[in-house]
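Q: Here you go, one structure.
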Amino acid sequence: EAQVTQNPRYLITVTGKKLTVTCSQNMNHEYMSWYRQDPGLGLRQIYYSMNVEVTDKGDVPEGYKVSRKEKRNFPLILESPSPNQTSLYFCASSLRGPWNTIYFGEGSWLTVV
Amino acid sequence: AQRVTQPEKLLSVFKGAPVELKCNYSYSGSPELFWYVQYSRQRLQLLLRHISRESIKGFTADLNKGETSFHLKKPFAQEEDSAMYYCALSGRGRDDKIIFGKGTRLHILP
């Protein structure tokens, strides 16, 4: 089944403890991206990648890192999580760019205490 | 600057009544416009895009370049339409990002 898979789905962590949220797609898509969803703020893009080894900042990149070493994977790294990064995170992919249909993962609930 | 505005956070509509979710945008070029929907306990998914000019689940949206709007409409609301709706805008260039509105929660009343 064609899909975007992200893990973990739920995580509670402590301030400052590095964590990685993995994201994988099996559709051979070039474009991948990360978003956070917060009440009243909607969906905001964190980072995106147009292809392997190409990553760019979205609207809210502070406190996050990404890498795109392989086409199918696009992990989101929080080097030193803080409580303001408590949010619902979505990974997504599309064929070439954001002008194509974007396929979303199921979301990862992250709580930083 | 690119901007997408959804003026209503919450819209409550009775079943069978018409629905209109508003979306206004600001963009200097020719935008690609989308409506994405998130049903309860499901992942966000594309509902429709302006370029396809089709009707999905009874919803339509017309791009009005003069008013810079892309309102989503359905003539008769159904209970299963209750969901969170996001309007989104993108360019077609390599450096273009996608911008989502803040979303409108549609609540269909029985």
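The values are calculated or read from the model by the stated rules, or taken from the named source; none is laboratory data. The shown structure was predicted, so the numbers you read here are calculated from the model rather than taken from an experiment. Here Cβ is always computed from backbone atoms with ideal geometry, including for glycine, and neighbour counts include all displayed protein chains. Accessible surface is based on the protein model in full, side chains and every heavy atom, while ligands, DNA and RNA are left aside. Shrake-Rupley method; radii C 1.70, N 1.55, O 1.52, S 1.80 Å.
Q: Sort the range B:61-106 into rounded, prolate or oblate with this rule: let a ≥ b ≥ c be the square roots of the eigenvalues of the Cα gyration tensor; rounded if a/c is under 1.5, and if a/c is not under 1.5, prolate when a/b is larger than b/c, oblate otherwise.
A: Because a/c hits 1.5 or more and a/b fails to exceed b/c, the range B:61-106 counts as oblate.
Q: A further question on this structure: So what is the relative contact order of chain A, in percent, for Cα pairs below 8 Å that sit 6 or more residues apart?
A: 36
Q: When Lys and Arg each count +1 and Asp and Glu each count -1, what net charge do the other residues less than 13 Å away from residue A:89, Cβ to Cβ, add up to?
A: On the way: positive: A:9, A:36, A:44, B:43; negative: A:38, A:106.
Neighbour charge sum, excluding residue A:89 itself: +2.
Q: Something else about it: At a 1.4 Å probe radius, carbon and sulfur cover how many percent of the accessible area of chain B? Show your work: numbers first, answer last.
A: Numbers: 2850 of 5820 Å².
Of all accessible area on chain B, carbon and sulfur atoms account for 49 percent.
Q: In whole percent, and with a 1.4 Å probe on the protein chains, what portion of the accessible area of chain A is carbon and sulfur?
A: Roughly 51 percent of what the probe reaches on chain A is carbon or sulfur.
Q: I would also like to ask the following. Before anything else, pin down the relative contact order of chain B: Cα pairs under 8 Å, at least 6 apart, normalised by residue count, whole percent.
A: 38
Q: Here's another thing I want to ask about it. Would you be so kind as to identify which of A:89, A:41, A:111 lies farthest towards the positive end of the dipole of the range A:39-113, taking Lys and Arg as +1 and Asp and Glu as -1 on Cβ and the Cα centre as origin?
A: My answer, from the dipole projection, is A:89.
Q: Give me the net charge for the shell around residue A:112: Cβ to Cβ below 12 angstrom, other residues only, Lys and Arg +1, Asp and Glu -1.
A: +2
Q: Can you tell me the equivalent ellipsoid semi-axes for chain A? Use √(5λ) from the Cα gyration tensor, largest first, whole Å.
A: Ellipsoid half-lengths, sorted descending, are 22, 14, 13 Å.
Q: Summed for both chains, how many Å² of accessible area, to the nearest 100, are buried between A and B with a 1.4 Å probe? Don't jump to the answer; show the numbers that get you there.
A: On the way: alone 6130 and 6840 Å², together 10930 Å².
So the buried area, both faces added, is about 2000 Å².
Q: So for the range A:13-80, taking the charge dipole from beta-carbon charges (+1 Lys/Arg, -1 Asp/Glu), which of A:74, A:14, A:51 sits furthest toward the positive end?
A: Going by the charge dipole, the pick is A:14.
Q: Taking each pair of different alpha-carbon atoms in chain B once, compute 1/r for the pair, average those values, and report the inverse of that mean as the Kirkwood hydrodynamic radius in Å to one decimal.
A: For chain B, inverting the mean 1/r across all distinct Cα pairs yields 14.1 Å.
Q: Give me the net charge for the shell around residue B:9: Cβ to Cβ below 10 angstrom, other residues only, Lys and Arg +1, Asp and Glu -1.
A: With Lys, Arg at +1 and Asp, Glu at -1, the net is +1.
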